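Visitor: The structure that follows is given in the form of structure tokens.
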Amino acid sequence: MDNKLRGDFLRYLAQTSPDPIGIEVERAAGSWLYARGGRRYLDFISGIGVANLGHGHPAVLGAIKRQAERYLHVMVYGEYVLDAQVELARRLTQLLPPNVEQVYFTNSGAEAIEGALKAARKYTGRSAFAAFDGAYHGDTMAALALAGNAAFRAPFEPLPGPVRHLPYGDRAALGAIDESIAAVVIEPVQAEGGVRIPSVDFVHALRERCTQTGAVLIFDEVLTGLGRTGELFALEHFGAAPDLIVLAKALGGGMPLGAFCGSAALIGVLARDPPLGHITTFGGHPLSCAAGLAALETLAAERLPQRAAEVGDALMERLAALMHPAISAIRGIGLLIGIELQSAELTRRFVAGCVEAGVIVNWTLNCDTVVRIAPPLTITPGEIDFAIGAIESALNKL
Ligand SMILES: Cc1ncc(COP(=O)(O)O)c(C=O)c1O
């Protein structure tokens, strides 16, 4: 790495951790990041769940170019009729359960969570929320209040609430959802919680409890949406429709874009009494929507969710076949796979070993013994072979 650039990176950019990976990215294409100096790395986390089509997909780049030549930003969100927004919203509502009629576009996942919480409060006239242990919904104040890891919440309290934190996947705990709860927020599969997959029974019981009590059920599909788990949306694994679904990450095809989607009655509360109850200058940026629409059409045309299911199963089998004693469990759904190791220290060393061997993986925020694997859904067999070799060599060095 260029020492001057690295020095300036540490000096001028606010840091988020004491030891950044620090790869100097020259360009990215397909499943690979190319670093200055010639080294390349397999992006086995898809830029944290964003690059579901890999990097630089021509359909996405073409859509961005065409949109950029017409216009970029034109005016405040929600006033003008912008065809890229309309088309993407229309496609999403066609693909989501029938109760989803409208889409509100945001800049990010956390911002979409905030909007969904506001809609739920206004719609129900209630103030409390429920969320689950291990949850991650973003880092703005209300999203953080839902976080299922007290260590991340503590330095920033008091946070918006009250929030009832319930054990993930435990049917018996659902009685705590009562008529005081405006919304229950859940990831249908937890990623940062250590790749945890609840039972179909639990999700159905949750849906039923929310219907009984009038709490708005919000599925956070920021990471699981857009094919990652082997279905276009993870909710399809459970056959349960939430009242609101939150999307982001892969939604913009590599451009920043989030959304919350639901019935017109529910989302509509933000437009009246007073109007402009939730607005954002850049949410649903035309470039992001054009890129997102191209990405969505490509996902569907290339049947990438199905591919993720098949490739994910095969990848899990190969990981299991390594039978390394440091691994205590492997679980996953589609191309969202968790490798659980015997200790946090082994996990940290394993992640560093993989990067050293040319494969980017990372541990999960709320479970320091689980490494998350989430490659582009377009990953090739040869790239999987490369990753397995690197993972095996990292395990053997532990
Ligand atoms: C499940 C989930 N929800 C919400 C978020 C927050 O999204 P953003 O980082 O775009 O604010 C994330 C980000 O990692 C996430 O994984």
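Only the coordinates and a few stated rules stand behind these numbers; no lab work does. Every value quoted in this text rests on a predicted model; they were computed, and no experiment measured them. Here the Cβ positions follow ideal geometry from the backbone for every residue, glycine too, while neighbour counts run over all protein chains shown.
Visitor: I need to check one value: relative contact order of the chain, counting alpha carbon pairs closer than 8 Å and at least 6 residues apart, in percent.
Guide: After rounding, I find 22 percent.
Visitor: To continue, here is another question. Counting Lys and Arg as +1 and Asp and Glu as -1, each charge on the Cβ, what is the dipole of the stretch 58-301 about the Cα centre in debye, to the nearest 20?
Guide: On the way: 18 positive and 24 negative charges, 48 e Å.
It comes to approximately 220 debye.
Visitor: Follow-up question, since we're still on this one. Could you order peptides 253-262, 373-382, 158-167 by the average number of other Cβ atoms within 10 Å of their residues, highest first?
Guide: Most protected by this proxy first, the peptides run 253-262, 373-382, 158-167.
Visitor: Arrange Val74, Val81 by Cβ neighbour counts within 10 Å, fewest through most, would you?
Guide: Val81, Val74
Visitor: Per DSSP helix of 4 or more residues, -39500 (n - 2.57); summed, then divided by the residues of the chain. What does that give at 222 nm, rounded to the nearest 500?
Guide: Dividing the helical sum by the residues of the chain leaves -11500 deg cm²/dmol.
Visitor: Something else now. Kirkwood hydrodynamic radius of the chain from all distinct Cα pairs, in Å? Please report the intermediate quantities before stating the final value.
Guide: On the way: mean 1/r = 0.0461 Å⁻¹.
Computed over Cα pairs of the chain, the Kirkwood hydrodynamic radius comes out at 21.7 Å.
Visitor: Please list, or write none, the lysines whose alpha carbon is within less than 23 Å of the alpha carbon of Lys65, excluding same-chain residues fewer than 8 places away.
Guide: Lys249
Visitor: Pulled fully out, how much extra length does the chain show between Glu26 and Ala320, if you take 0.36 nm times their separation in residues and subtract their Cα-Cα distance? Intermediate values should be presented prior to the final figure.
Guide: Details: separation 294, 0.36 × 294 = 105.84 nm, distance 3.41 nm.
Gain on stretching Glu26 to Ala320: 102.4 nm.
Visitor: Compute the Rg/Rh shape ratio of the stretch 204-268: radius of gyration over Kirkwood radius, all on alpha-carbon atoms.
Guide: With Rh from the inverse mean 1/r over Cα pairs, Rg/Rh is 1.00.
Visitor: Let me ask something else. Give me the one-decimal nm value for the distance between modelled label points at Lys65 and Leu276, 7 Å along each residue's Cα-to-Cβ direction.
Guide: Result: 3.9 nm between the two label points.
Visitor: If you don't mind, there's one more thing I want to ask. Would you be so kind as to identify all helices of the chain, as entire DSSP H runs, whose Cα atoms reach 15 Å or more along the helix's own axis and whose mean Kyte-Doolittle hydropathy is at least 1.0?
Guide: 286-301
Visitor: Could you give the alpha-carbon Rg of the stretch 29-82 over 2.2 N^0.38 Å, rounded to two decimals?
Guide: 1.57
Visitor: Please sort by residue number the GluC sites (Glu not before Pro) in the stretch 1-86 whose DSSP state is loop and whose Cβ has at most 15 other Cβ atoms within 10 Å.
Guide: Glu24, Glu79
Visitor: What FRET efficiency comes out for Met75 versus Ser263 if R0 is 41 angstrom and r is the Cβ-Cβ distance? Round to the nearest 0.05.
Guide: The pair Met75/Ser263 has a calculated efficiency of 0.90.
Visitor: Select from the stretch 73-127 those chymotrypsin sites (Phe, Trp or Tyr not before Pro) which occupy a DSSP coil region and have at most 11 other Cβ atoms within 10 Å, ordered by residue number. Walk me through the numbers before you get to the answer.
Guide: Details: sites: Tyr77, Tyr80, Tyr104, Phe105, Tyr123; in loops: Tyr77, Tyr80.
Taking the stretch 73-127 and a limit of 11 other Cβ atoms within 10 Å, the loop chymotrypsin sites (Phe, Trp or Tyr not before Pro) found are Tyr80.
Visitor: Please compute the contact order of the stretch 134-244 in relative form: average sequence separation of alpha-carbon pairs under 8 Å and at least six residues apart, divided by the residue count, as a percent. All intermediate terms of the calculation are to be shown ahead of the outcome.
Guide: On the way: 157 pairs, mean separation 25.3, N = 111.
Dividing the mean separation by the residue count of the stretch 134-244 yields 23 percent.
Visitor: Can you list the aspartates and glutamates whose alpha carbon is less than 13 Å from that of Lys4, not counting same-chain residues fewer than 8 positions off?
Guide: Straight-line reach from Lys4, under 13 Å: Glu24.
Visitor: Okay, next question. Note the full-extension length gain between Glu208 and Glu179 as 0.36 nm times their separation in residues minus their Cα-Cα distance, in nm to one decimal.
Guide: 9.1 nm
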